[in-house]
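The values are calculated or read from the model by the stated rules, or taken from the named source; none is laboratory data. Note that the structure is predicted; figures quoted are calculated from it, not measured. Heads up, the Cβs are rebuilt from the backbone with ideal geometry, glycines too, and the neighbour counts pull from every protein chain shown. Calculation scope for accessible area: heavy atoms of the full protein, side chains included, ligands and nucleic acids excluded. Shrake-Rupley method; radii C 1.70, N 1.55, O 1.52, S 1.80 Å.
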Amino acid sequence: MLIYVLLALMALSAILVIFCRDLLYAVISLGTLSVFTSILFYILGSPFASIMELSIGAGLITILFMATISLVEQPRVGHAKYSGRSSISFFALAAVVATTIWVALSLAEGVPGPAAAASAAALPEVLWGIRLLDVMGLSVVIFTASIGIGVLFRTEGGK
Amino acid sequence: MQSPELFWAMRILLPLFLGAVVTYVIGKIISRIKGDRAGGVVAAVIALVVTVAAYILCFTYPGAASAGAESGIAWLGSLKPDALSLLMAKIMFPLVILVAIYSLGYMKDDSGTDKYYALMLIMAGGMMGVVGAGDIISLYVFFEILSISSYCLVSFRKESWEPIEAGFKYVIINALGSTVAIFGLSLLYIYSGSVSMAEIAAHISGLPDLPVLAALALITGGFGVKAAMVPLHSWLPDAHSAAPSGISALLSGIVIQVGFFALLRLILGVFPLQMQMVGTILIILAAVTTTYGNFIAIAQKDIKRMLAYSSVAQMGYIILGFGVGFYFHSADGFTGGLFHIETHAFMKALAFLSVGCIIEKTGTRRIADLKGVGRVMPATAVAFTIAALGLAGIPAFSGFMSKLMIYKCGFQAGTALGVVLSSIAILNSIISLGYYMPAIHTLFSPAGEAAAKVKGTVSPAILLPIVIMVLITLVLGWHPDLGLGPVNAAVLEILNIIGG
Amino acid sequence: MMNSSIYMAQIAVPIGGAALTLLVGAIKPRLRPAFAFLVGAATACLTIITLAGAGSPGRFVIPWQGVLNEFSLSPDGLSAYIAAAAGVLGCLILLYSARYMEHEEGLTRYYALVLLFIGAMIGLVTTDNLLVMYFFWETVGLCSYSLIGFNYDNPDAAKAGLKAFITTKIGDVGLLTGIMTLYVSTGTFNIFEIIDAAAGGAIPAPALSLAGFGFLMGAAGKSAQVPLHVWLPDAMEAPTSVSALIHAATMVNAGVYAIARTYPLFSEVAGWTTAVTWVGAITALLAACMALYARDLKRMLAYSTVSQLGYMMFGIGVGGLLASQFHLLSHAIFKALLFLCAGAVIHEVHTRNMDEMGGLGRKMPVIRTCYLIGVLALAGVPIFNGFWSKDMLFASALHSGNIVPLVFAVATAVLTVIYSLRSYFRVFTGELSAAGEKAHQSPPSMLLPLVLLAVGAVTSWLIIGIYSATLHQTGLIGEAISVGHLIHETVQSTALLLSLLALFLGGAVVFSTRKAKTAAAPSGLALWAGKGFGFDQFYLALLNGAYQVAGAVISTYDSISNWVGKAAIFLTVGFGKTLRNQNIGDLNKNLLWLVSGIVIIIAIVCVKRG
Amino acid sequence: MNLAVNWVWMLTAIVVIAGLGIFCIVTRRNMFRMLMGFTMLTKAVTLAFVTGGTLWGQPGLGQTLAIIVIVIEAAVTAVGLSMIVNIYRHYGAVNTNQIKRLRG
């Protein structure tokens, strides 16, 4: 039951992210979404993912957003000045609704039953064992992102 | 016996990623001690050494002999390089080497070039990871490495507004695209319980139809963004025209093709049962993409933007080849598509490099302002002419040969649809003359203001890659078989998989 | 059997020479004309030598593997003579260029391109691999583009080059479609194997007809047939020597050659021969009307080329392969002669408008004589080479019973006589014009080619015996005819009457109206025609009528073709602009397009599955 | 691991959050909110992977995949945010209405 409540709360905070007026509240809603996701992960038996989600999703990303928003000094741009929003919103929302319905209906067709006996390898074995390449890839991703941010914020005089 | 996975990880990926770190660190140290320019040169030299070394190493691939060999290392299971990957490596490395040489001259006044070369190596590594990946998660990780490095490279000259605007649009659109793709992949995981392409493919006939097709559509749409299929292309003209010319050359020449390759890997690895479906989607998208790209390129006023839209059109040709190949089960389609990737890489890179050189000297990108540039910079203008004629598919240049194979596969299909597709392709090459010829025409028309501004000679570091690419374009135009060896091996690989 | 490497040499020498010219241009610019001429002369010798072995074609193959399959040459009668025309005329034109072009800039480019042009043309006709032919076909197109736009300072020239390239390229769509269709049906690019396969019924009828009309389209583009002829008159912006090269020796012959080469393949295709005949006949008449109207000397010659090419097409259509190809050779000689004379004249008077010329005959007697010989050959006056081939064309048409196109052809002949003779009178007789005051006789190196060509225009028909024997040996025509036979046939045939009628009508018009047009003392014949017959008024009216018709035709045609061209450009560019305006740079709109694209893909999947 | 969960609802929630993410990216004109939409979309993907892991009794694999996606999400978000800062420096705005110079 808790799972359904969490799912509903997630959807709710997602809607809040989209529609609340104040950008800071949107960021907070995003963090809330992460927190709910993280709780859900825990319930689903994924504690490590839960911690990652909590620290990176709810922590790091929220802080990054906050910092950047304060950096551009426009925390309360809101969306009062949106123009042409109605038409785009309408079509997009229609598309979202249609796709959602279609996907939900079609996916209901063949959900696999919970696996009876699968090789339940523990996280460290998987992460540092068979997925080592991806973990190395992740370190490259982080390296790339840091160099990239270095490029975007470099202060040396350019051309 | 060395297994392909180990080979790929140790001789291709490791040098590139490790080289990136070394390039960055040493480049940074030198630029602290000796100044930016020296740091850039050192970084470029290290990057060049690394790419050349990796390029040489990629010829040591033991080939089919090792196909069955096991590395015995579990985590290498997420790589599964084959002849297709090797083909892409053989196209990518020369391109990256030439662009690195070019950048040595072209980027010499920029700051932070140590990061530039490191990002370029990472981009190369990302591409090699994508083409060698054997499971959906590694594919995604490497795809993101490729994407993030290319975002930063596009916005490298952040001092002006254009790269930044293009960069942000690029980030948002591509992030959306790749996330949609991974969403499709996650569906596959939910339904099959596995992330290895081979395992998913083994289960796929037992899976319910709709989720598989939904995943197929989402993956096509998601990776289609990177492959710039119309209407998923809108980031391309911005990003490709705003990037430094060397990066434009890489993006147009190989990165969007790798985007398509990610899709191709999944189609071949996971969806061999849905060939007809994939063929249909690709054919429709390809016809739209080519026609749209050519028409909109005619209306462009900015020469780099025109080339960017021409990339959209050329991508359409490539996809058309594969679409026809899948739909009609014809080997010629694959040969044409893969060979066009190869020839287009060098022609489009040539076009961008020569145009970059012209832009740097004249300071303008408007086609109308480039009058008479051909007289003050004859070599560069002739190189651009050769590239444009090749791209338009005029015989004696490599583009004709690859396009010919694509035309041929449509006729070979023998059905009305095939003939119609080939006719669309042939007609499109006429439409494309509508923008290549006026551009050439302008370059050689009586001198204008821009031509008067040109001073000094083009540096040899810029000229050398241009000359080499001209040679490649001409030689492949007369003797395509020189470039067809790896292509044929890759086609055999595809036919093996789809059972043709 | 000829040593087969000579076939290769006749392509390799000019193309290699073109490459070396760049080198010579870089080291010793002064030697460029001499070097180019030497290469041209060597090419000409090689092509003439190959004529001897043309009857029993050897096949020379360089294995090329893969896509091109093989680089094979098999110069039979059909191709050897066209190659020889390209080589010899090219050599003469190079000789002529030495003085004609001496004050121009960019001569390295000029000589390299001319040599490449000649080499590509020889390659085009001698290869039997359709794909290799297409390669040379496009190379010829590229050369013509760069040579027409040689004076790229002149915007008209540059535009004309562009127009030539794109118009012929439109035709090439058809050609490439045809080649690919044939290849896919038979699995080979070798034209002879394809013809054999078609004879065995290997090619399905729709494919064959697609290929046939595709080839016709390609030929119409290259050989300037209606409606793709629009590029040729504009190509007059090129230096005159280039015009001579394009009109006589190389480019335009390619289309006629391609049709003649594939005639055995497509002659059974329903409607194909009719289409060829009518395209040819209409082109001939239309272009003749336009020539009548032209004031620009070179433009008149250009229209006359279009008209004569129409004859050649018409000849193939009515089954007169020999007549058509023979006319091609005759035309190559006299048209080169006319262009080179015109070039010499324009070189001296610095204008191309015939109204500003006049009375040049006294200043330039040799050129006057040469031009007169060319004009007489063009008009089809007996003894000159144009007469024999034109007469053969009429005879073939009569033989095949294509009466209406024949009427077109005869009408064309009348107009041809009128405009060609009139141009002679306007340029070389009458009062000396202001522009002609400073005219001099041309230097010997320009006169020599003219004299040689003039001799050729009088005597070239004598080779009919060898030529037809060669064609017969290669199996393209039923029986060979000797010179005596030709004269005998011609004198006896009804076609002669048609030729003479045309000549008489045209001549009468010209001579009777000369007096009216030029107030100078009338010469004997005109006086006789004007006063003796009293037809003066009648002919004047006829001429006026013809002028009006020509004017109406040309203005209508011009407006239509302009309209079509403009509409095509407008639609293409307009469509592009519309698409461009769709992208207003709004990220959200682009994203919306993107998402709808993904939805479309999902929709395709749904539809395909359901 | 056998939770009494109706997987269809789980999937529907994933699809709904993904849809809302896409909706957010497409319709919002504030760049921060567009990036937030991207983050939401990624959350749906992580959730899908964890769900899959639970479903197939592979918590290790599911978590690994989720962690990979989360890290990449953070990296992309960071790059996107630094782009926004740069845009703000050039345009003085973070609204896509005002970022339309590249067009055609």
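Odds and ends about this structure:
- From C:LEU245, C:LEU208, C:LEU228, C:LEU232, residue being touching a residue at least 40 places away in the same chain (Cβ under 8 Å), under 13 Å from the mean Cα position of the chain (by Cα) and open to solvent by 10 Å² or more (accessible area, probe 1.4 Å): C:LEU228
- In the set (1) open to solvent by 30 Å² or more (accessible area, probe 1.4 Å); (2) closer than 28 Å to C:MET313 by Cβ, the condition left unmet by C:GLU437 is number (2).
- Assessment of segment B:254-275 against the conditions (modelled with pLDDT under 95, surrounded by fewer than 24 Cβ atoms within 10 Å (Cβ to Cβ), in a helix (DSSP H, G or I) and among the polar types (S, T, N, Q)) yields at least one matching residue.
- Exactly one residue among C:TYR311, C:TYR303 is aromatic (Phe, Trp, Tyr), within 25 Å of C:ASN253 (Cα to Cα) and open to solvent by 10 Å² or more (accessible area, probe 1.4 Å), and that residue is C:TYR303.
- Condition met for B:SER192 (in contact with a strand residue (DSSP E or B) (Cβ under 7 Å, 6 or more places away or on another chain), among the small types (Gly, Ala, Ser) and within 11 Å of chain A (Cβ to nearest Cβ)): no
- In segment B:165-201, the qualifying residues are those that are without any contact (Cβ under 8 Å) to a residue 12 or more places away in the chain and surrounded by fewer than 24 Cβ atoms within 10 Å (Cβ to Cβ), and the one that is farthest from D:VAL79 (Cα to Cα) is B:GLU199.
- Helices (runs of 4 or more DSSP H) enclosed by segment B:12-111 - at least 3 residues per element that are in contact (Cβ under 8 Å) with a residue 60 or more places away in the chain and under 25 Å from B:ILE497 (Cβ atoms): B:83-106
- Only one of the listed residues (C:LEU406, C:LEU376, C:LEU360) is of a type outside the set (Val, Ile, Thr), assigned to a loop (DSSP other than H, G, I, E, B) and crowded, with 22+ Cβ neighbours inside 10 Å. That residue is C:LEU360.
- Tally, over segment D:6-27, of residues that are facing chain A (nearest Cβ under 7 Å) and closer than 24 Å to C:LEU591 by Cα: 12
- Top-ranked residue of segment C:428-449 - restricted to ones that are part of a helix (DSSP H, G or I) and out of contact with any helix residue (DSSP H, G or I) (no Cβ under 6 Å at 6 or more places or on another chain), ranked as farthest from C:ALA44 (Cα to Cα): C:PRO444
- The listed residue being touching a Lys or Arg at 6+ places or on another chain (Cβ under 9 Å) and of a type in the set (Gly, Ala, Ser), out of C:SER396, C:SER442, C:SER423: C:SER442
- Segment C:578-594: number of residues that are over 22 Å from B:ILE283 (Cβ atoms) and open to solvent by less than 30 Å² (accessible area, probe 1.4 Å): 7
- For segment B:82-99, the criterion of being on the phi < 0 side of the Ramachandran plot and within 14 Å of another protein chain (Cβ to nearest Cβ) is satisfied by no residue at all.
- Residue match in segment B:145-159 (condition: open to solvent by 10 Å² or more (accessible area, probe 1.4 Å) and more than 12 Å from chain A (Cβ to nearest Cβ)): no
- Answer residue from segment B:395-444, given it is small (Gly, Ala, Ser) and open to solvent by 10 Å² or more (accessible area, probe 1.4 Å) and is modelled with the lowest pLDDT among those: B:GLY414
- Annotation: of all residues in segment B:202-242 being out of contact with any Gly (no Cβ under 8 Å at 6 or more places or on another chain), more than 8 Å from every other protein chain (Cβ to nearest Cβ) and of a type in the set (A, V, I, L, M, F, W, C), the one that is most open to solvent (accessible area, probe 1.4 Å) is B:ALA202.
- Helices (runs of 4 or more DSSP H) contained entirely in segment C:246-332, each with at least 1 residues that are over 25 Å from C:ALA550 (Cβ atoms) and among the polar types (S, T, N, Q): C:251-266, C:272-293
- All positions within segment B:243-271 that are closer than 27 Å to C:ASP586 by Cα and either touching a strand residue (DSSP E or B) at 6+ places or on another chain (Cβ under 9 Å) or within 12 Å of chain C (Cβ to nearest Cβ) (or both): none
- Among the candidates B:ALA345, B:ALA351, the residue that is under 22 Å from the mean Cα position of the chain (by Cα), open to solvent by less than 30 Å² (accessible area, probe 1.4 Å) and within 30 Å of C:PHE570 (Cβ to Cβ) is uniquely B:ALA351.
- Residue match in segment D:67-89 (condition: of a type outside the set (Phe, Trp, Tyr), farther than 27 Å from C:LEU587 by Cβ, crowded, with 24+ Cβ neighbours inside 10 Å and within 14 Å of the chain's Cα centre (by Cα)): yes
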